[in-house]
Amino acid sequence: MNGAIADRRKTTDLARQVGIDFGAALTVALAYIGDRLGIFRSMASGEPFTSQRLAERTGLNERYIREWASTMAAAGYLEYQAVDKTFRMNPEQSVVLTDQHSVFFSAGSFQYAVACYAQVSKLMNAFERGGGVPFADFGKDIVEGIERLFQAGYETWVAREWIPAVPQLHEQLLRGAAVVEVGCGAGQCIVPLAEAYPLSRFLGCDIDPSSIERATDKASRAGIEGRVRFALVAAEALPVNGFDLAMAFNCIHDMAHPKAALRGIRKALKPGGVMLWSEADASDRLEENIGVRGRTLYGASTMHCMTVSLASGGEGLGVVVGENRMREMALEAGFSDVARLSVKNPYHQILVLRP
Ligand SMILES: C[S@@+](CC[C@H](N)C(=O)[O-])C[C@H]1O[C@@H](n2cnc3c(N)ncnc32)[C@H](O)[C@@H]1O
């Protein structure tokens, strides 16, 4: 003991919390299996299944299905009916676990977490020796996990709320404007946005080849490949300029050189152009982020966002940037006008920057 007399109540509470977290960590890994092997999808209609029928429907081993479904029922991810030993998904569980067009859809978080778990030994090396774990090492689960975590939000908010909240911007995009998105990932924002503004032209940039490949494929499946181009290029080295709108959502913090990226984006804007920059809605101050949200953000940062930046010799900004720091960085990058976009959002804080 450290000399202080341990408070029994606090000790019990913390031990209970660790127990909850332990169960949550196991639930996440098993939910990943349910998502990846299509078990949740097989149950999305709400039909009740015995473990035997669910095994037949999915072509999976019954004993594993029974134990898995018991875990999911205990976690509240499925319902269980004792009288006929059936498992089913209620409509809310179906939305959260299977409806990829709902803002409540959360299965991408299982992919994100499992991709991070898989890199723990490399991360420990980085703790000991510095450097980081490169983005590519996290594999396709991280690209797809991020895409699935954020796409429904972008489909719901960007064209309907964020762009209309900037005076004239919606009208400009309706008439036809030039738009660039940096750190576009698998095209989760730019493709639905291009569908919303058929007269505008879009360029998506990212430095990850697998993301660009996935984004290109998404645009071609949407039949808009003529108006949306993708380039494997860093935000700090944008090859063209003259954009009316530049977007950087949830990605500047991942970059090796965030300020250089902001400078590059500013130079790519037309005079009178505008940049929308989003980061997680958190405070600049750790003491204001203590709690459930803070642990998710700092956890994701340590296990992924910060380490990928450090892996390429970067600054390792970390996912928690905060509005004050965002404003400072924007001004240092040469933007002359910085304002918070007046929309409410459960995840993002969005700044509007003008050169
Ligand atoms: C957390 S993901 C965000 C993807 C997407 N914007 C979203 O919000 O869903 C960050 C993305 O930034 C990309 N990235 C990292 N450094 C970059 C840079 N210097 N220039 C352009 N993209 C970069 C990564 O490859 C990754 O696709």
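Residue-wise test of (1) assigned to a helix (DSSP H, G or I); (2) outside the structural domain of Gly316 (by TED's automatic domain parsing); (3) surrounded by 14 or more Cβ atoms within 10 Å (Cβ to Cβ); (4) modelled with pLDDT of 95 or more.
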residue	(1), (2), (3), (4)
Val103	no, yes, yes, yes
Ser106	no, yes, yes, yes
Leu123	yes, no, yes, yes
Ala126	yes, no, yes, yes
Val133	no, no, yes, yes
Asp141	yes, no, yes, yes
Glu147	yes, no, yes, yes
Tyr154	yes, no, yes, yes
*asked:* Can you pull out every residue in region 176-228 that is touching a Phe, Trp or Tyr at 6+ places or on another chain (Cβ under 9 Å) and more than 16 Å from the ligand (Cβ to nearest atom)?
replied: Gly176, Ala177, Ala178, Ile224, Arg227
*asked:* If I ask for residues that are more than 10 Å from the ligand (Cβ to nearest atom) and touching a Phe, Trp or Tyr at 6+ places or on another chain (Cβ under 8 Å), which ones from region 235-276 would you list?
replied: Leu262, Arg266, Ala268, Leu269, Lys270, Gly273, Met275, Leu276
*Matching residues in region 189-217 - criterion: being of a type outside the set (A, V, I, L, M), buried (at least 22 other Cβ atoms within 10 Å of the Cβ) and without any contact (Cβ under 8 Å) to a residue 40 or more places away in the chain*: Phe202, Gly204, Cys205, Asp206
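Residues checked against (1) more than 19 Å from the chain's Cα centre (by Cα); (2) within 14 Å of the ligand (Cβ to nearest atom):
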| site | (1), (2) |
| --- | --- |
| Ser283 | no, no |
| Asn289 | no, no |
| Gly294 | no, no |
| Met303 | no, yes |
| Ser309 | no, yes |
| Gly313 | yes, yes |
| Gly318 | no, yes |
| Gly322 | no, no |
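Keeping to region 164-215, report how many residues are of a type in the set (Lys, Arg) and in a helix (DSSP H, G or I).
Summing the residues that are of a type in the set (Lys, Arg) and in a helix (DSSP H, G or I) in region 164-215 gives 2.
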*Assess whether Ala177 counts as being modelled with pLDDT of 95 or more and within 22 Å of the chain's Cα centre (by Cα).*
no
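The values are calculated or read from the model by the stated rules, or taken from the named source; none is laboratory data. Everything numeric in this text was worked out from a predicted model, so none of it was measured. Note: ideal-geometry Cβ built from the backbone for every residue, glycine included; neighbour counts use all protein chains shown.
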